[in-house]
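What follows is a single structure, written as structure tokens, with notes after it.
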Amino acid sequence: MAGCEPQDVLDALPDGVVLADADQRVTHCSAVAARMLGTDTAHAVGRPLSDVLRLQDQDGRAWMQCNAPYGGLSTRTGITEQSWLLPDGTEVLVAARLTRPRRAGPVAGVAVVLRSGRGRARLDRERSDLVATVAHELRSPLTGVKGFVQAMLNRWDKLNDEQKKLMLTTVAADSDRLSRLIAELLDVARIDTGRLQLYPRPVDPLVLLERVVASVGAGTHRTITLEADPATVPQIMADPDKFTQVVTNLVENAVRHGDGEVRVEVVAGQSHQHGTVTEGLGASAEATAEAEGIRVRVTDEGEGIPPELRRRVFTKFWTGGGRGGSGLGLYIVNGLVRAHGGAVEIADAPGGGASLAFDWPGVPTELR
């Protein structure tokens, strides 16, 4: 932005900025800051900073009164970010930088930055959702484990072997459910922080898909079929555990939220520019030769997913149909597929119902 005026630079910033001089008079006020503070740039310049910066806390105290940017310790050079309220009651996050011509000298200028508190409010809501979801999901299996264990302790001599076996089987199932929830939470944290560790290698996707279909099918009365031509499906470059997790989540989602037959189709897909996957999300900047990948599509015969909801499906804690679940499965699916350099899409199944498909890169030419 060479040659731009200072005001143009400030107006181009995403956050609001107010600059004041040694006399506590406003010298610059960005358009964003003026809009937040309910004024205009021309009217704000030249006025006292305390008049322009009309921010209050929950007790009605002013920002200038509480922080005294022109007073306090002579070694102070900044004011940490704090939450304040605009005149209309909207929350903003405010921080300031104090300019001193010499060490321990008087304040010659103050730069105040204001940014919307909606981002933090969204994070707070996500944390609250996380706590509520975890508490809800943990309560049910823990209650079952505690109840059956207590019953066995109190009535061990009165229970026959079949009753004991039934109770222990239920406890084992609830324990597996707890372990899976904890694993999902760890995966979400790793995806969010970019610390997901992957160990990709050439694998046969049909072997993994057959295992998933058999495993999920053993736990439901619904029909799950795998449709593929072994002669045309190539190998893929994948972390086998993560690929299995992706397909398992999609098939279980179709069983839980859909109806009728669940079909898993796999075909040779488009060529992909394949990158070296590391422990971070996505492929490295150094892409290798194009490799033919696969497309896996999971469909059901239920009501489907309305177009207006499809952007929300891969967000955390989304649950559809009111049939339970942690709401993390599809978020993890999207994160794992993208981490391998693939993509996920949602559509309508040909005969009605939902269709969730993902493209997965194949094995680079030099590794075949």
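Restrict the check to the range 147-157 and report whether at least one residue is in contact with a Lys or Arg (Cβ under 9 Å, 6 or more places away or on another chain) and not hydrophobic (A, V, I, L, M, F, W, C).
no
All but one of (1) surrounded by 15 or more Cβ atoms within 10 Å (Cβ to Cβ); (2) closer than 20 Å to Leu13 by Cα hold for Glu81; which doesn't?
Glu81 satisfies every listed condition except (1).
Among the residues of the range 347-361, which ones are surrounded by 17 or more Cβ atoms within 10 Å (Cβ to Cβ) and at pLDDT below 90?
If the condition is that a residue be surrounded by 17 or more Cβ atoms within 10 Å (Cβ to Cβ) and at pLDDT below 90, then Ala349, Gly353, Ala354 are the ones that fit.
Given the condition of a type in the set (Lys, Arg) and either within 27 Å of Ala189 (Cα to Cα) or outside the structural domain of Leu166 (by TED's automatic domain parsing) (or both), answer yes or no: does some residue in the range 144-154 qualify?
no
How many residues are surrounded by fewer than 19 Cβ atoms within 10 Å (Cβ to Cβ) and either closer than 21 Å to Thr365 by Cβ or touching a residue at least 12 places away in the same chain (Cβ under 8 Å) (or both) when one looks only at the range 193-207?
Residues in the range 193-207 being surrounded by fewer than 19 Cβ atoms within 10 Å (Cβ to Cβ) and either closer than 21 Å to Thr365 by Cβ or touching a residue at least 12 places away in the same chain (Cβ under 8 Å) (or both): 10 in total.
Look at the range 209-252 and say how many of its residues are surrounded by fewer than 13 Cβ atoms within 10 Å (Cβ to Cβ) and either acidic (Asp, Glu) or not in a loop (DSSP other than H, G, I, E, B) (or both).
5
Could you tell me whether any residue of the range 31-47 is assigned to a strand (DSSP E or B) and either hydrophobic (A, V, I, L, M, F, W, C) or surrounded by 12 or more Cβ atoms within 10 Å (Cβ to Cβ) (or both)? Break it down into steps so the answer makes sense when it comes.
Going through the range 31-47, the residues assigned to a strand (DSSP E or B) turn out to be none.
No, there is no match, as no residue in the range 31-47 is assigned to a strand (DSSP E or B) and either hydrophobic (A, V, I, L, M, F, W, C) or surrounded by 12 or more Cβ atoms within 10 Å (Cβ to Cβ) (or both).
Could you identify the single residue in Ala132, Ala104 that is of a type in the set (A, V, I, L, M, F, W, C), surrounded by fewer than 17 Cβ atoms within 10 Å (Cβ to Cβ) and closer than 30 Å to Gly327 by Cα? Walk me through it before giving the result.
Values: Ala104 fails: closer than 30 Å to Gly327 by Cα.
After applying the criteria, what remains is Ala132.
The values are calculated or read from the model by the stated rules, or taken from the named source; none is laboratory data. Not measured: the values here are computed from a predicted model. With ideal geometry, Cβ positions are generated from the backbone for all residues, glycine too; neighbour counts draw on all protein chains shown.
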